[in-house]
Amino acid sequence: MGFCFDIMQSSLPLINLNFEFMQKYLPLYVDAAILTVRIAFFGILLSLIVGTICSVIQYYKVPVLRRIVSVYIEISRNTPLLVQLFFLYFGLPKIGVVWSAEVCAIIGLAFLGGSYMSESIRSGLESVEKSQIESAASLGMSKSLTMREVIFPQALAVSVPGVCANVIFLIKETSVVSGIALADLMYVTKDLIGLYYETDESLIMLVIFYLIILLPISIVASIIERRMRYAGFGN
């Protein structure tokens, strides 16, 4: 009986939720979710471009550029995204470079994500057997053609799990862009809690909207990985 009573007590807060408050501020969460998705989309797109370029440079061991890429990866992966955002938003204006908060968020996310994407794609490139590259060379294929037709398709199949994990990681990392006054989901939640003290309602809506954004991506990523595995890619 005591155990059942504890369960009933723990469920009582759900009954006492202020649904009028949640309905009233739902449009704020919708707008915040749209902003979050927009920042994530462009940030991830740029991070894929940066990561692909960096991984190719590392794969071919381009002397000077390889050093630059290594330094970039170390800086990117060993500094918090919030610090990078502060540098872009508050630091660069000191030298005359002024960007909007949204542009800073996209660039910051791309800067962080590029290093993670680079490592995932590079591992895929290095998984391609050397014999296939040698066969392509024996057929007279150029390096660029070999990369495009032989190496990259196979590398992409191997890289998909890591890339998908990075996509989800970067979407969750958008929660720190509130630090530069962007009205994303986290910013709206903190603002409402500070103004009205409706903590449970605000946090529940935050969780729901993140699930709406992340669950479909996670499901699609799982389907893609499963199909590639069944098709024999990456083996």
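Summary of computed values
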item	result
Identified option (computed Cα extents along the principal axes in Å; candidates [x] 73, 55, 30; [y] 67, 40, 19; [z] 58, 37, 31)	[x]
Cross-link pairs beyond the 22 Å C-alpha cut-off, checked among Lys61/Lys172; Lys24/Lys190; Lys94/Lys190	Lys61/Lys172; Lys94/Lys190
Helix-derived mean residue ellipticity, 222 nm - over the chain, DSSP H n ≥ 4, -39500 (n - 2.57), to 500	-26000 deg cm²/dmol
Pairwise FRET efficiency - Asn16 versus Leu45, Cβ, R0 = 35 Å, nearest 0.05	0.25
Degrees separating the helix 152-173 axis from the principal Cα axis of the chain, which is the longest one	20
Inter-probe distance in nm under a simple model that places probes 7 Å from Cα toward Cβ, at Glu129 and Gln23	6.4
Degrees between helix 2-15 axis and first principal axis of the chain (Cα, 0 to 90, nearest 10)	90
Inter-probe distance in nm under a simple model that places probes 7 Å from Cα toward Cβ, at Val62 and Ala183	4.2
Under 18 Å from Lys130, Cα to Cα: aspartates and glutamates that are on another chain or at least 8 residues apart	Glu149
Chain lengthening between Arg148 and Val30 when straightened (0.36 nm per residue, less Cα-Cα)	38.4 nm
Of Ile68, Leu109, Leu48, farthest towards positive along the dipole that unit charges on Lys, Arg, Asp, Glu beta carbons give the range 37-174	Ile68
Between helix 101-127 and the chain: long-axis angle, C-alpha atoms, 0 to 90°, nearest 10	50
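We did not get these values from a lab; they are worked out from the coordinates using the rules stated. All values reported here derive from a predicted model rather than from experimental measurement. Methodologically, a virtual Cβ is constructed for each residue, glycine included, from the backbone with ideal geometry; neighbour enumeration extends over all protein chains shown.
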